[in-house]
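This report refers to the structure that appears directly beneath it.
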Amino acid sequence: MTSAASTETIVRARRRVNGIAPIIGLGLVGLLVVWLAVNFEKAPALFVKALLIGITNGSVYALVALGYTLVYGILELINFAHGDVFMLGGMMSATLMLSVFHIGSGESALSLWPALLASLAISMVFCGILNASIEKVAYRPLRRAPRVAPLITAIAMSFILQNVAIAWKGPNYISLPINILPHGVVFSIGRNTYTWDALIVVLLTAPVLVALVWLVQYTKQGKAMRATAQDREAAAMMGIDVNRTISFTFLIAGGLAGAAGLIYSVYFTSIRFDQGFQLGLFAFTAAVLGGIGNLPGAVLGALFIGLTQSFNNTLGWHAPGSDWTQSIVFSILILILVFRPEGILGERTPEGG
Amino acid sequence: MGSELWRRIFALPGAARWAVLARVGVTEDAWKAWPVMYRRAVVAVLVGLVALVVLAPFSGIDLAAVYTWIVFAVLFVPPWERIPRVGKFIPALGMLAVVVAYPYYADKLYTLPILGAFPDVHTGVVMLIYAMMALGLNVVVGYAGLLDLGYVAFYAIGAYSAAWFASQQFAGQNPDGSAKHSFHFLAIGIDPTLGGIHLTPWLLLVVGGVFAALIGMLIGLPTLRLRGDYLAIVTLGFGEILPQVARNGDSLFGQNITNGPQGIVPLDTLGFGNTLHRVLGLPANYQIAPNGDSLYFWTAIVLVLITLFCSLRLRASRLGRAWVAIREDETAASAMGIPLMRTKTLAYAIGAFFGGVAGAYFAIFTSSANPDSFQLNFSVFVLVMVILGGMGNVWGVLVGAAFLAYLDQAGLANTGAWLSDHLGLNLDVPKYEFGIYGVMLLVMMLFRPHGLIPEARRKMEFEHGVHDEPLYDEMGDDAHVAGASH
């Protein structure tokens with residue numbers, strides 16, 4: 001918060017904690033638990049299946065949500081274009097896998113893994129640079145403008161990227177072979193099998209997350225990021241190159257989106273120009289849910305959203321079904337913003353209240 | 001800095017103009033010393049010459065172009081404002097007369113280069129409805145400075161409330177196949193035995209607006225205390241939820257509320273009924289009338305004028321000044337005794353009202369309410385209208401809305417056709433519609449954030465910056481942490 005000092009002296013109207021809100025919240029959580037329990041009791045196999053799908057979805061959301069959280073933490077800007085950067089990363093990696101590495105269905109591990117890792121690296125670099133350039137073109141010149149200005153350019157960038165994708169790949173789904181990842185059984189619970197493709201998603205996601213935490217926590221650059229997020233002016237006075245740090249943050253966020261893009265395209269095997277925005281909004285919800293600006297919170301929120309989606313789509317007893325997924329996720333977003341803007345993990349962030 | 005350079009390049013035309021003119025012997029001071037009428041006459045002649053150069057190679061100069069120029073010159077050149085009292089209204093009324101008469105000469109106009117023919121009357125109606133919506137959004141975004149990305153929700157509410165009360169949606173069915181419920185109130189041209197609710201669509205325009213305003217308040221009350229970007233995302237969320245509800249609403253708790261993806265068709269038509277037709281000569285039924293589109297066009301003009309009048313009066317009112325104060329500095333506004341929540345909620349509700357009326361009118365005009373027309377894209381589309389024209393300035397918003405609506409309805413397709421005819425480019429321009437709007441938004445925000453026809457005050461805010469930190473801001477400076485520092 002750069003100009004927080006100026007507001008400090010002014011009396012703040014602190015939001016009173018609404019007495020009834022926690023009760024409603026607890027009631028909703030209680031209903032949710034009962035609903036899950038009944039569903040588990042009625043069809044345990046289906047429940048476990050939904051759980052596994054949810055965790056896999058959630059890890060893709062986590063990568064995108066982390067990008068939102070990083071950028072929001074440092075600039076307090078909702079980077080609407082982030083989801084579309086992710087989508088372009090997905091298209092990039094789909095192209096790489098198909099046309100450059102010629103990966104078809106059922107490849108051996110020896111030819112699959114190098115291609116997968118190379119695509120991951122290229123897609124991450126591509127999206128990182130793309131995201132950093134977006135910051136430079138669309139957000140940096142507006143740093144002193146009224147708040148709505150960078151939000152509007154973010155929307156604008158989002159539409160531009162979607163149209164770049166249309167120009168590049170056309171308005172239809174581009175698909176990869178369904179068996180591009182092996183579908184062999186890793187382990188099974190009852191009649192449910194956990195297959196290799198889902199495991200690969202987790203195997204690719206986990207190291208990226210660990211690397212990110214290490215970067216933010218233990219490197220000098222990470223320290224600069226945290227300092228810039230806390231107080232941009234003070235950080236500049238301490239000799240931190242604020243612009244470079246912000247660019248770096250966008251680079252990292254874009255890299256995460258690139259990784260998510262690859263994982264999404266090989267796991268779900270189809271991607272379309274408008275899917276990025278949608279998934280981006282879900283990921284943003286996840287970031288808000290976990291407490292925006294908070295890295296573990298984003299992962300937690302993403303898992304929650306992933307599970308919400310898969311439970312809602314899969315479970316049989318009184319589930320609204322996939323027609324309503326969007327409404328449910330956005331209702332969660334609105335409820336969280338209204339009743340607990342600091343997110344589940346409960347940190348007091350400036351966005352609160 | 002790169003953007004500074006760009007700003008300078010953009011500032012150049014004015015300076016360059018004077019540099020060139022000074023060489024011919026016209027300095028800025030000498031020009032300003034001239035009587036105003038001479039100056040305007042020179043400008044009018046120059047405009048005519050430019051039009052000649054632009055139009056002649058494409059469509060030739062026909063009589064219509066000459067008439068257009070004459071009308072322009074008559075409205076622009078004489079110093080009408082010198083006439084006491086009525087003088088300042090004359091150019092505006094002249095413009096209004098030109099617009100009102102549009103259906104009579106629309107098909108006789110010339111073809112513009114690149115953009116193609118002038119819009120037909122049907123397109124004109126759509127342009128006016130979009131203009132009305134843009135004026136409504138302007139209250140929220142332009143006056144109060146609240147970014148609303150879900151404005152389409154109000155449009156949808158207006159459309160559906162018109163559809164519910166002017167169609168056979170709630171007819172129900174008796175075992176013998178006849179309609180179970182039937183309620184009629186001043187409906188025009190409807191068989192009195194027809195099932196469903198049929199109120200007069202005139203009333204529904206108001207009902208649509210009031211519904212939208214009520215929902216706007218419901219949405220606004222809990223969310224308007226959030227800061228700007230959170231408000232944007234919450235409104236975006238509502239804008240995504242409502243169309244989904246409309247799409248899935250064919251089996252909501254076992255009831256068919258919205259008729260699902262097919263939407264509700266057909267709707268009743270506007271009209272004044274046979275009695276008023278006989279007594280006052282007003283059109284009895286728009287749908288049957290041979291000049292139906294023109295009737296819808298004139299009605300839309302009346303609606304836009306009402307919206308325009310309300311916008312202008314609101315802007316000058318105590319409430320309007322409170323909006324601007326909040327936009328510029330929430331803390332100071334609150335310290336001056338402006339009730340933040342009430343003022344913001346009112347902005348939201350009034351903006352929603354106009355969106356609802358526009359939605360209801362659009363639904364009646366197209367005789368359908370369909371969930372596919374209520375996408376996020378549309379909210380952004382209306383936002384581009386407001387920003388292109390100039391946030392806060394109703395005239396700018398009007399021009400921006402008319403221009404973009406024209407692009408959307410016909411202009412982009414014409415441009416594509418022109419490109420393939422003249423340059424051999426086979427480009428599907430309408431496919432990139434929203435990319436083009438994205439570029440427009442980006443360029444506007446970077447280089448001319450106050451819009452093409454800016455409001456003076458808004459322009460100043462963008463140039464000198466504002467203090468728009470939110471008041472409801474619960475934080476200690478140390479609490480804001482990015483990264484896993486815990």
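The values are calculated or read from the model by the stated rules, or taken from the named source; none is laboratory data. Quantities reported herein were computed from a predicted structural model and do not represent experimental measurements. FYI the Cβ positions are ideal-geometry reconstructions off the backbone, even for glycines, and counts take in every protein chain you see.
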When you look at B:Thr27, is it closer than 30 Å to B:Ala413 by Cβ and of a type in the set (Val, Ile, Thr), yes or no?
-> no
Looking at A:Leu199, A:Leu209, A:Leu203, which one is closer than 18 Å to A:Ala260 by Cα and free of Cβ contacts under 8 Å to residues at least 12 places away in the same chain?
-> A:Leu203
Going through region A:293-328 one residue at a time, which ones are within 12 Å of chain B (Cβ to nearest Cβ), crowded, with 23+ Cβ neighbours inside 10 Å and at pLDDT 80 or above?
-> A:Asn294, A:Leu295, A:Gly297, A:Ala298, A:Val299
Provide a single number: the residues in region B:254-295 that are touching an Asp or Glu at 6+ places or on another chain (Cβ under 8 Å) and among the small types (Gly, Ala, Ser).
-> 2
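One line per residue, one yes/no per condition, for (1) modelled with pLDDT of 75 or more; (2) small (Gly, Ala, Ser); (3) more than 18 Å from B:Ile264 (Cβ to Cβ); (4) loosely packed, with under 15 Cβ neighbours inside 10 Å:
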{"residue": "B:Asn174", "(1), (2), (3), (4)": "no, no, yes, yes"}
{"residue": "B:Ala187", "(1), (2), (3), (4)": "no, yes, no, no"}
{"residue": "B:Pro192", "(1), (2), (3), (4)": "no, no, yes, yes"}
{"residue": "B:Ile197", "(1), (2), (3), (4)": "yes, no, no, no"}
{"residue": "B:Leu204", "(1), (2), (3), (4)": "yes, no, no, no"}
Answer yes or no as to whether B:Asn414 is away from every other protein chain (no Cβ under 14 Å) and either surrounded by 19 or more Cβ atoms within 10 Å (Cβ to Cβ) or not in a loop (DSSP other than H, G, I, E, B) (or both).
-> yes
Over region B:127-176, the set of residues among the polar types (S, T, N, Q) and in a helix (DSSP H, G or I) is B:Asn138, B:Ser161
Could you grab me the full set of residues in region A:216-252 that are within 13 Å of chain B (Cβ to nearest Cβ), aliphatic (A, V, I, L, M) and either outside any helix (DSSP H, G or I) or under 19 Å from A:Asn79 (Cβ atoms) (or both)?
-> A:Val216, A:Met225, A:Ala229, A:Ile246, A:Ile252
Condition check for A:Arg244: touching a helix residue (DSSP H, G or I) at 6+ places or on another chain (Cβ under 9 Å), at pLDDT below 90 and farther than 24 Å from A:Trp113 by Cα | no
Some residue of region B:381-400 being under 22 Å from A:Gly170 (Cα atoms), of a type in the set (A, V, I, L, M, F, W, C), in contact with a Leu (Cβ under 9 Å, 6 or more places away or on another chain) and surrounded by 20 or more Cβ atoms within 10 Å (Cβ to Cβ) | yes
Would you say A:Leu281 is out of contact with any Phe, Trp or Tyr (no Cβ under 6 Å at 6 or more places or on another chain), modelled with pLDDT of 75 or more and more than 12 Å from chain B (Cβ to nearest Cβ)?
-> no
Number of positions in region A:57-97 that are more than 13 Å from A:Phe273 (Cα to Cα) and outside any helix (DSSP H, G or I) = 5
Condition set at the interface with chain B (Cβ under 10 Å from one of its Cβ atoms) and in a loop (DSSP other than H, G, I, E, B), scope region A:144-174, selection surrounded by the most Cβ atoms within 10 Å (Cβ to Cβ): answer is A:Pro146
Mind checking which residues of region B:75-103 are more than 20 Å from B:Ala41 (Cα to Cα), assigned to a helix (DSSP H, G or I) and of a type in the set (Gly, Ala, Ser)?
-> B:Ala97
Consider B:Gly87 carefully, then state whether it is of a type outside the set (Asp, Glu), more than 26 Å from B:Val429 (Cβ to Cβ) and surrounded by 14 or more Cβ atoms within 10 Å (Cβ to Cβ).
-> no
Scanning for something in contact with a helix residue (DSSP H, G or I) (Cβ under 8 Å, 6 or more places away or on another chain), within 9 Å of chain A (Cβ to nearest Cβ) and assigned to a helix (DSSP H, G or I), does region B:212-220 turn up at least one residue?
-> yes
Selection count, region B:307-331, where residues are surrounded by fewer than 14 Cβ atoms within 10 Å (Cβ to Cβ) and β-branched (Val, Ile, Thr) = 0
Identity of the residue in region B:421-465, of a type in the set (Val, Ile, Thr) and under 22 Å from the mean Cα position of the chain (by Cα), that ends up nearest to the other protein chains (Cβ to nearest Cβ) | B:Val439
Name every residue in region B:306-320 that is of a type in the set (A, V, I, L, M) and free of Cβ contacts under 8 Å to residues at least 12 places away in the same chain, in order of residue number.
-> B:Ile306, B:Ala316
Quick one: is B:Ile114 among the hydrophobic types (A, V, I, L, M, F, W, C), more than 26 Å from B:Val304 (Cβ to Cβ) and surrounded by fewer than 17 Cβ atoms within 10 Å (Cβ to Cβ)?
-> yes
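For (1) within 14 Å of another protein chain (Cβ to nearest Cβ); (2) outside any helix (DSSP H, G or I); (3) surrounded by fewer than 18 Cβ atoms within 10 Å (Cβ to Cβ), each residue gets a yes or a no:
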position	(1), (2), (3)
B:Pro222	yes, no, yes
B:Leu231	yes, no, no
B:Leu270	no, yes, no
B:Pro290	no, yes, yes
B:Leu295	no, no, no
B:Thr299	no, no, no
Please enumerate the residues belonging to region B:233-255 that are more than 8 Å from chain A (Cβ to nearest Cβ) and either charged (D, E, K, R) or touching a Lys or Arg at 6+ places or on another chain (Cβ under 9 Å) (or both).
-> B:Asp250
